[in-house]
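What follows is a short report on a single structure.
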Amino acid sequence: MKLVIIFGPQAVGKMTVGQELAKVTDLKLFHNHMTIDLVSNFFSYSSPAGKRLVHLFRQEIFEEVAKSDLPGLIFTVVWAFDLQGDWDYVEKISHIFESQGGTVYYVELEADMDERLERNKSPHRLSHKPTKRDLEFSERDLRETMKNHRLNSSEGEIKHPHYLRINNTNLSPEMVAKMIKEKFEF
């Protein structure tokens, strides 16, 4: 069992890289907006009920996949390195899979802000993430989150044995997926 956690700031390409990685491996993609957009039909993700439901759905899916005979899962998440709660969350997810004998792989993506702003408006992103279709809100959220949080790690900060950092500003999602597959020998 493998868990690949793809993380980085908003609109860096986590979902799209995850889709390409799923195509070239036997891993299933579980991108973070699958639960956010589901719950947002009923409650705002920023509300206590919204956060609780998103967490609950994710937790249950992680636990079931970790115990299953599936080869593995790709999960995408925005990780704020200045928030201990985000560190704890990534550790908790990792532990679910490791406790079942699985191996966890960390893939960090980074890209220039101008590129991320363009990706934020892409038809592909908007077709898969309904809550991002309000472009004014989405761009404001992207900029404010970058201003208020550190969304990429500092050099040497992540000590995980299966870790890869990729600047994908000028790389296709297919190339990034190939790099991940080769690095971790999937």
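The values are calculated or read from the model by the stated rules, or taken from the named source; none is laboratory data. Everything quoted here is computed from the prediction, not taken from an experiment. Every residue, glycine among them, receives a Cβ derived from its backbone with ideal geometry; neighbour counts consider all protein chains shown. Note: accessible area is taken over every heavy atom of the protein model, side chains too, but ligands, DNA and RNA are not part of it. Shrake-Rupley method; radii C 1.70, N 1.55, O 1.52, S 1.80 Å.
Quick one: putting +1 on the C-beta of Lys and Arg, -1 on the C-beta of Asp and Glu, what dipole do you get for the range 65-186 around its Cα centre, in Debye to the nearest 20?
Taking the Cα centre of the range 65-186 as origin, the dipole is about 320 debye.
As a calculated quantity, the FRET efficiency between Glu115 and Met146 at R0 = 22 Å, using C-beta atoms, amounts to about 0.95. Remark: the range 153-167, residue by residue, has Karplus-estimated 3J(HN,Hα) of 6, 7, 3, x, 6, 8, 9, 4, x, 10, 10, 9, 10, 9, 8 Hz, where x stands for each Gly or Pro and the curve is 6.51 cos²θ - 1.76 cosθ + 1.60 at θ = phi - 60°. Probing with 1.4 Å while keeping every protein chain in the model, the per residue accessible area of the chain equals 51 Å². In percent, rounded to a whole number, the relative contact order of the range 22-162 is 26, using alpha-carbon pairs under 8 Å and six or more apart. Comparing Pro173, Pro71, Pro123 in a Gaussian network model of the chain, where Cα atoms under 10 Å apart are tied by springs, the biggest mean-square fluctuation is seen for Pro123. Among Lys159, Lys147, Lys92, whose mean-square fluctuation peaks in a Gaussian network model of the chain (Cα, cutoff 10 Å)? So, out of Lys159, Lys147, Lys92, the one fluctuating most is Lys159.
Scanning the chain for GluC sites (Glu not before Pro) in DSSP loops with at most 13 neighbouring Cβ atoms within 10 Å leaves 1-154 as the longest stretch between them. Counted over all Cα-Cα pairs of the range 18-118, pairs farther apart than 16 Å make up 65 percent. Within the chain, the percentage of alpha carbon pairs spaced more than 29 angstrom apart rounds to 16%. To put it simply, the accessible area of the range 1-153 at a 1.4 Å probe is 53 percent carbon and sulfur.
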